[in-house]
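Visitor: Before anything else, here's the structure in question.
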Amino acid sequence: MKSWVEISEKRLQANYRTLVEEAGGDTPVLAVVKANAYGHGAELCAPVLARAGAEWLGIADAGEGQAVREALAAAGIACDRQPRILVMCGFSDGDADIIVRYDLTPVVWDQQQMEDLAAAVRRRGGDRMPLAFHLEIDTGMARQGIAPGERLHSLLHWLKRQPLLQLEGVMTHFAECEVAGSEQTKSQRKRYEEAIAAVTGAGLEPALMHVGNSSMLDNQCRDNQAAEDNFIWLRTLAADAGARPMVRAGIALYGYCLPIEQSSPASDAVQAKVRNRLEPLMTWKTRVIGLRDLQAGDAVGYNGIFVAQRSMRIALLPVGYSDGLRRELSGANAKPGGWVVLHGRRAPIVGRISMNLTTVDVTDIPHAAVGDEVTLLGDGVTADDHAHLAHTISYEILCGVRAPQRLVF
């Protein structure tokens, strides 16, 4: 293998337990494993989370749900002990049968989706039990969901007459959970409240309500200032509706959180509750495949953006942007780039990262040798470090790594 990824089972379990502890015993934590568990391997992570006690797993589509369900079974987890699986990004034609067959719980917002599900339940003898689903409300992101208003009222009254479908949850997605005191979040909260009033007013009784991501659990107010705290607000709203709140934890499971942004001086009351207790799971490694001595004036890589200013030694690594090592981490004389870790020391990237190869400066690491193990991402270099240099977020860095994965304790 030119590179490989090690995923820490121990850290995943610890991160999950931290989030459960912060949520409280009455609040289930939906562990999001969509997008291949944010690049960590859903088929590796899902069984670990199930054994750690996860009640729910979140995936993007029916195909992911099928793969996760099969991975749980292959790991020896009995059907009656497997977590519920929420299909978070809707479904396409033909997916309704997969949802019913693999006992998935879909997120829906359209009558046609519901009719497709009911038909799939009917084909499998669904008169025995209704299919549970979660209704998504569009509170201001203009992606998925039905907006509060007349269409929602009509849908709810139609739904009451459908014996094969059960409204189990009502959800939305906040666009700025990482922004303390966000005006957009306040607007979304109001629209969600309107939707919940419509749901309960129609005589429907959802068991679960969920609105936010990892940042919602991480960014909480000191002194329980409920007006600013989205988590406290959700707990109160759910209790008033006779439901339980649920938290959707994604990036936090894998050891990262977006930084808190303060929208005003008044929002300073918000503090990070969990991020300092989380540890990244992913360690991405490779090996040195070559060493070369340079003289002053030697140019390195495409376009010669790095020129040796003295005698130095560089190591060649068999990874590049085709593997997910971002080109923005290239190192030039005018602007240093990223780094890797070799023998516990930083080795700066020099020259332009190419499709399959990267060069690093090992002049000050005298024992560097061909075959040495190199950390590209992990202890000593984080996804946040890469994201800063690539002008993106840690999510994109983690999801972009393309290398074989294995679970380590």
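Visitor: Any chance you could give the angle, 0 to 90 degrees and rounded to 10, that helix 111-123 forms with the longest Cα principal axis of the chain?
Guide: The helix 111-123 is inclined about 80 degrees to the chain.
Visitor: So, one more: Straight-line reach only, C-alpha to C-alpha below 16 angstrom: list the aspartates and glutamates that LYS186 could link to, leaving out same-chain residues fewer than 8 apart.
Guide: ASP138, GLU176, GLU178, GLU194, GLU228, ASP229, GLU261
Visitor: Just to confirm, what accessible area per residue do you get for the chain at 1.4 Å probe, in whole Å²? Write down the numbers at each step before the final one.
Guide: Numbers: 17820 Å² over 409 residues.
Accessible surface, normalised per residue, equals 44 Å².
Visitor: OK, next. So how much slack lies between GLU279 and ARG51, counting 0.36 nm per residue of separation and subtracting their Cα-Cα distance, in nm? Intermediate results must be reported in sequence, preceding the final value.
Guide: On the way: separation 228, 0.36 × 228 = 82.08 nm, distance 1.90 nm.
The span from GLU279 to ARG51 would gain 80.2 nm if fully extended.
Visitor: Let me ask something else about it. Over what distance in Å are the Cα centres of region 330-406 and region 6-57 separated?
Guide: 27
Visitor: Would you mind counting up the charge near TRP109? Only other residues with Cβ under 9 Å from its Cβ, with Lys and Arg at +1 and Asp and Glu at -1.
Guide: Numbers: positive: none; negative: ASP110, GLU136, ASP138.
Neighbour charge sum, excluding TRP109 itself: -3.
Visitor: Which value in nm describes the separation of the simple spin-label points at ASN333 and VAL370, placed 7 Å from the Cα toward the beta carbon?
Guide: About 3.0 nm separates the two model spin labels.
Visitor: Around LEU86, with a cut-off of 15 angstrom between Cβ atoms, what is the net charge of the other residues, counting Lys and Arg +1 and Asp and Glu -1? Provide the component values of the computation, followed by the final result.
Guide: Numbers: positive: LYS34, ARG69, ARG84, ARG244, ARG248; negative: GLU55, ASP61, GLU64, ASP95, ASP103, GLU136, GLU168.
Surrounding charge for LEU86 is -2.
Visitor: Further, regarding this structure: Report the antiparallel proportion of the DSSP beta bridges in the chain as a percent, rounded to a multiple of 5.
Guide: Numbers: 32 of 64 bridges.
About 50 percent, rounded to the nearest 5.
Visitor: What part of the accessible area of the chain, given as a whole %, is carbon or sulfur when the probe is 1.4 angstrom?
Guide: Carbon and sulfur: 48 percent of the exposed surface of the chain.
Visitor: To the nearest 10 degrees, how steep is helix 62-74 against the longest Cα principal axis of the chain, on a 0 to 90 scale?
Guide: 80
Visitor: State the extension gain, in nm to one decimal, for the chain segment bounded by ASP110 and ASP298, taking 0.36 nm per residue of separation less the distance between their alpha-carbons. Mind dumping the intermediate values first?
Guide: Values: separation 188, 0.36 × 188 = 67.68 nm, distance 6.25 nm.
Result for the pair: 61.4 nm of gain on full extension.
Visitor: I need the calculated FRET efficiency for the pair ALA272 and TRP4, taking r as the beta carbon distance and R₀ as 35 Å, to the nearest 0.05.
Guide: Numbers: r = 32 Å, r/R0 = 0.91.
Calculated transfer efficiency: 0.65.
Visitor: Tell me the angle of helix 9-23 to the major Cα principal axis of the chain, expressed in degrees between 0 and 90 and rounded to the nearest ten.
Guide: Between helix and principal axis, roughly 40 degrees.
The values are calculated or read from the model by the stated rules, or taken from the named source; none is laboratory data. None of these values were measured; they are calculated from a predicted model. Positions of Cβ are generated from backbone atoms using ideal geometry, with glycine treated the same way; all protein chains shown enter the neighbour counts. Just so you know, the surface numbers come from the protein's heavy atoms only, side chains and all, with ligands and any DNA or RNA stripped out. Shrake-Rupley method; radii C 1.70, N 1.55, O 1.52, S 1.80 Å.
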